[in-house]
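Enquirer: Shown below is the structure under consideration.
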Amino acid sequence: MITREIKKQKNTEVDLQNEKKVNKFYLKFFSFLRVYFFFLLLFVIVGIGKIQKMDFLSGSKIFVVGIVVTTLFTTVLQYTFEKGLKNLPRKEHKKRYISSVILLGIVYTLAVGMVFLSSIISVKCLWMLGGMILGIVLNSYYGIVLLTFTNFFYCFTINMDLEFFAIYFFLSVGLCLLSPYLRQISTIGYVVVIGVLGNCIALILYKNFNLTLLFTIDSLLDILSIFFVIVAAAFVSWVYKSYCASGDFSFIRTDVYSFFKEEEAHWDQEKMITIEKLTKNTMQSETERHLKEMQNEKYALLQQLKKQKPEVFSHSKQVAFVGQEIAERLKIDKQLVYVAGLYHEIGRLKKGNYVEEGILLGLEHKFPSQVTRLIEEHNIKHKVPTSKEAAVLMLTDSVVFMKEQIKKNPEKYSKLPLEYLKGIFKMRYESGALDQSGLTIQELRVIEKYFQDFL
């Protein structure tokens, strides 16, 4: 026992040492990435400064701002990456971490490069490409952070004002939030239309509603650039997806393809929910239409019952009316109870067991399934009620039948109607006929009170 504890303690110490080594590796790796970002930033600022003949002080300001923003950006990413690794097996840590950081480095290089290109050729929207791709490959929120940085950096390099930053900040964030829709071919067109219209609105706002300036060469290039950014981001999305799906790059497959699969599963789930809702609404509308037709006395089967079995028809109408009144008090489906009451003994048009014949007629005439179920469950000798509506129909049928028999043959019934009513409820309680109906004691009291007034 002691030996086992010593071994366990040694294993724990080894694990802690290994974890410290891994953490040092992560820290060094991300520090290297941060240094790379700083040198890349310096290189771009020097290039822009020479092309635009920027003085040393202005370039220094841009570099300091760039370092601060890049530090914040990389710190947030480092924290989120390391936090996400805790939910993974230790063997997956290094591979997942390295692949994520490599992807981030590539996208950041592209983002800064697009800022450099935008400042040279004076096209406003190319700087959005890096953030859009990061939003697609990793996460929309990462993309928004990078877009904010590149927007800020771009405004400094070309001396744009705060108004420009605010207008294009909202445009870029909106596009980044729409980036998941670029993964579906069927919805990319919507993103393009929204992006182009958004860019047009941004240009109109920035040019103080001077619509004539919207048709200059520079404005048309800006509109074309937003189209290019969206299509390029979608293309990168599809390329990554195809490579990951083929399994050619295992590190990308682990980090990116799983993300695509999760997004596709989310899309599929949303589609299924939408289809289910539409199907449910369609079926519900069809059921309501059919119920409305069936409660009309001119309905063929009801007319047949009225002609061939007038007493049964009269009884069914009374059951339907009383059942509907009770259903309204209980706030359950009164239309269903009314229609089921009209047809609960429709099987008496045939020979044999009237419940079974009623079910067959319901299937033949394509009754709504709820009506057929209530026909089946209104008679406890056949099946006990499994819903409140079925229980109301069963009790109503019994009480209405009792009242009709007392009225026809008063000499046979020596007890008062209320005593027979108590007997009906007592028998249903003791036989367990109401156990599956869902009716509460309070609801049963409401039903019994109504029958007392009815008798």
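The values are calculated or read from the model by the stated rules, or taken from the named source; none is laboratory data. Everything numeric in this text was worked out from a predicted model, so none of it was measured. When we count neighbours, we look across all protein chains shown, and the Cβ atoms used for this are built from the backbone with ideal geometry, even at glycine.
Enquirer: Give segment 169-212 a look and list any residue that's without any contact (Cβ under 8 Å) to a residue 40 or more places away in the chain, of a type outside the set (Phe, Trp, Tyr) and not in a helix (DSSP H, G or I), or say none.
Expert: 178, 207, 208, 210
Enquirer: Another one. So which pairs qualify, if the first residue must be in segment 364-380 and farther than 16 Å from residue 293 by Cα, the second must be part of a loop (DSSP other than H, G, I, E, B), the Cβ gap must be under 6 Å, and the two must be at least 6 apart or on different chains?
Expert: Once the first residue is farther than 16 Å from residue 293 by Cα and sits in segment 364-380, its partners that are part of a loop (DSSP other than H, G, I, E, B) give 375/344; 376/383; 377/383; 377/385; 378/344; 380/433.
Enquirer: Note down all Cβ pairs under 8 Å where the first residue falls in segment 27-43 and is under 14 Å from residue 75 (Cβ atoms), the second is modelled with pLDDT of 75 or more and of a type in the set (Ser, Thr, Tyr), and they're at least six residues apart or on different chains.
Expert: As it stands, the answer is 34/71; 37/108, since those pairs meet every condition given.
Enquirer: Now for a separate question. Select the helices (runs of 4 or more DSSP H) contained entirely in segment 342-441, then report the ones holding at least 3 residues which are basic (Lys, Arg) and in the same structural domain as residue 321 (by TED's automatic domain parsing).
Expert: Fully inside segment 342-441 and qualifying: 388-408, 417-431.
Enquirer: Separate question: Among the residues that make up segment 205-219, is at least one of them surrounded by fewer than 19 Cβ atoms within 10 Å (Cβ to Cβ), within 37 Å of the chain's Cα centre (by Cα) and at pLDDT 75 or above?
Expert: Yes, that holds for at least one residue.
Enquirer: Can you find, within segment 137-151, the residue that is nearest to residue 181 (Cα to Cα) among those that are at pLDDT below 75 and among the hydrophobic types (A, V, I, L, M, F, W, C)?
Expert: Out of the qualifying residues, it is 137.
Enquirer: Turning to a different aspect of this structure: Of all residues being of a type in the set (Val, Ile, Thr) and closer than 13 Å to residue 388 by Cα in segment 323-367, which is nearest to the chain's Cα centre (by Cα)? Just the residue, please.
Expert: 332
Enquirer: Here's something else I'd like to know. Return yes or no: is residue 25 at pLDDT below 65 and surrounded by 13 or more Cβ atoms within 10 Å (Cβ to Cβ)? Break it down stepwise before answering.
Expert: Numbers: at pLDDT below 65: yes; surrounded by 13 or more Cβ atoms within 10 Å (Cβ to Cβ): yes.
Yes, satisfied.
Enquirer: Pick out the one residue from 422, 415, 408 that is farther than 21 Å from residue 319 by Cα and free of Cβ contacts under 8 Å to residues at least 24 places away in the same chain.
Expert: Matching residue, one of 422, 415, 408: 415.
Enquirer: Does residue 408 satisfy the criteria of being among the basic types (Lys, Arg) and over 20 Å from residue 332 (Cβ atoms)?
Expert: yes
Enquirer: Give me the residue from segment 42-89 that is of a type in the set (Gly, Ala, Ser) and at pLDDT 65 or above and, out of that set, surrounded by the most Cβ atoms within 10 Å (Cβ to Cβ). Show your work before the answer.
Expert: Going residue by residue through segment 42-89, those that are of a type in the set (Gly, Ala, Ser) are 47, 49, 58-60, 66, 84.
Imposing the further condition that a residue be at pLDDT 65 or above reduces the set to 47, 49, 58-60, 66.
On the way: 47: 13, 49: 18, 58: 15, 59: 19, 60: 13, 66: 24.
Result: 66.
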